[in-house]
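Some notes on the structure that comes next.
Laboratory data are not the source of any read-out in this text; all were calculated from the coordinates shown. Values in this document were obtained by computation on a predicted structure and should not be read as measured data. Here the Cβ positions follow ideal geometry from the backbone for every residue, glycine too, while neighbour counts run over all protein chains shown.
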Amino acid sequence: MNTLFIRGPAITLRFLLLVIVSAAILVADHRYRALEVPRGWLLTLMQPVQIIADWPTQRWHQWTAVVSSHVHLMQQNQHLRETNQRLVLEHQQFASLQAENQRLHALLGSVATASQPARYQLARIYQVSLDPHSQQVQIDRGSDDQVYLGQPVISSAGVFGQVVHLGPTSAQVLQITDEDHAIPVINRRSGERAIVRGEGPSGLLKLPFLPAHADIQQGDLLLTSGLGKTFPKGYPVATVRSVSVTAGNNFASVVAVPVAEPDKVQEVLLLWPDRGSLPVEPAEMDPDLQREDDSRDE
Amino acid sequence: MNDTESSRDGWLILATFLGAIILDKVALPQPLTLFRPDLLTTVVICWSLLAPRLAGVGIAWLAGLMVDVAGGGLLGLGALVLSLQAYLCLMLYQQVRVLPRFQQVFFVLLVMALAGLLEVAILSAAGKLPALSFWYSLPASVLSWPLIYGLMMRWRLPS
């Protein structure tokens, strides 16, 4: 029974120690992003839990697929066939258009920026509930599949997010709707550049710091501009839902809807962008051009 | 309490922690998931009151850390919040155990609300102020406590 008397202070001491350790971890992880490696190990340790928790939802999806009617499946099949045919038709022209684009860019003396990714891979989303304060999903690919931190992730409709935490066999993807996520875009209609930020739980996006006179309207499609060096150029991100300008405010408040429909997606594509599709680093620029710059400085 | 009994309870504690973590992660449809109870918190509070010699702040902290990693959010937040709740229960278990059940539930409500306030404070300091729906899960968590507590009292060997 002697433990009864030393218990109080001992437990307080232990608790205080844990508070200090927690605070250190919070700062090191949130402010300095210094704990990605141990995070990856622990993620591996927790993967059995994710797989078990994913199982009921997975079975439910399979079961609804089994009991969905013959007619429904036929309709779905027909729809997929039509989509496939349309894509094949469009793809036939793609090669010649790409060649033509490159030729025209060469004539203008600029580097063609839109190109197909070097490699891509399909990843399944674990149907488990993650941290409710951030918009994330977990996928079944990790560093063993050459996934890297900051890797762009797209769905069949548009940009989905980027890899933020990485384990050997799984990774966590921050969606573009998260408050911490921002992505540089270009308006397809007007060519104006902007930043698209996530709005958090609402699943919408906003365009902060856009001047009130900016050329943007409802229904505009926003594409990745490739300036952030994370996402390759030319992938659809969002469509503008509303633009409102209040008198006396220098900035327009613009709300956009993600094209990717993050809630309905069950599989995503990991992209390994082609080096040519990202803007060129100053150090990698044509040496002749750089020398010209240097001589101008002198 | 002899050694075999305490080792049996130790395994029971580990099993219930793991079970709660898994159940918390099962995906639910969108509106329901806002109101779901936080089962791991409930289990931590139950064991801290029932078996204070076996379930300490350390295991609560570790469980919280693993949930943080699996959730992908702020690392260390869940660990801090869970160990705070375990600590409060461990310090006060002698007083709380003799209370009538209704007042015990009120004590659990206070502990969970305090932990929620700490969580909101840290989240907003990190620039992620949670929506009001953050609190929707509190009633279910508090109400799940007497059920799980009753079950656990039955599971344990009389001591």
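Within the stretch A:217-253, restricting attention to residues that are of a type in the set (A, V, I, L, M, F, W, C) and in contact (Cβ under 8 Å) with a residue 60 or more places away in the chain, which residue is surrounded by the most Cβ atoms within 10 Å (Cβ to Cβ)?
Only one residue tops the list, namely A:Phe231.
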**Study point:** Options B:Ala113, B:Ala140, B:Ala131, B:Ala125: the member that is over 24 Å from B:Leu23 (Cα atoms), surrounded by fewer than 18 Cβ atoms within 10 Å (Cβ to Cβ) and of a type in the set (Gly, Ala, Ser)
**Key:** B:Ala125
Review point. If you take the residues in the stretch B:71-83 that are within 8 Å of another protein chain (Cβ to nearest Cβ) and under 18 Å from B:Val44 (Cα atoms), which one is surrounded by the most Cβ atoms within 10 Å (Cβ to Cβ)?
Key: B:Ser83
Review point. Exactly one of (1) at the interface with another protein chain (Cβ under 10 Å from one of its Cβ atoms); (2) within 30 Å of A:Arg124 (Cα to Cα); (3) surrounded by fewer than 13 Cβ atoms within 10 Å (Cβ to Cβ) is unmet by A:Thr44. Its number?
Key: (3)
Exercise for review: May I ask you to say which residue of A:Val128, A:Val159 is surrounded by 21 or more Cβ atoms within 10 Å (Cβ to Cβ) and within 12 Å of chain B (Cβ to nearest Cβ)?
Suggested key: A:Val128
Review point. Residues in the stretch B:40-70 that are touching a residue at least 40 places away in the same chain (Cβ under 8 Å) and more than 9 Å from chain A (Cβ to nearest Cβ): how many?
Key: 16
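Give me a count of the residues in the stretch A:184-198 that are within 16 Å of A:Pro262 (Cα to Cα) and in contact (Cβ under 8 Å) with a residue 40 or more places away in the chain. Working first, answer last.
Taking the stretch A:184-198 as the starting set, the residues that turn out to be within 16 Å of A:Pro262 (Cα to Cα) are A:196-198.
Retained after the next criterion (residues that are in contact (Cβ under 8 Å) with a residue 40 or more places away in the chain): A:196, A:198.
Counting residues in the stretch A:184-198 that are within 16 Å of A:Pro262 (Cα to Cα) and in contact (Cβ under 8 Å) with a residue 40 or more places away in the chain gives 2.
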Review point. Is it true that some residue in the stretch A:176-183 is over 12 Å from the mean Cα position of the chain (by Cα) and either part of a loop (DSSP other than H, G, I, E, B) or more than 22 Å from A:Leu222 (Cα to Cα) (or both)?
Key: yes
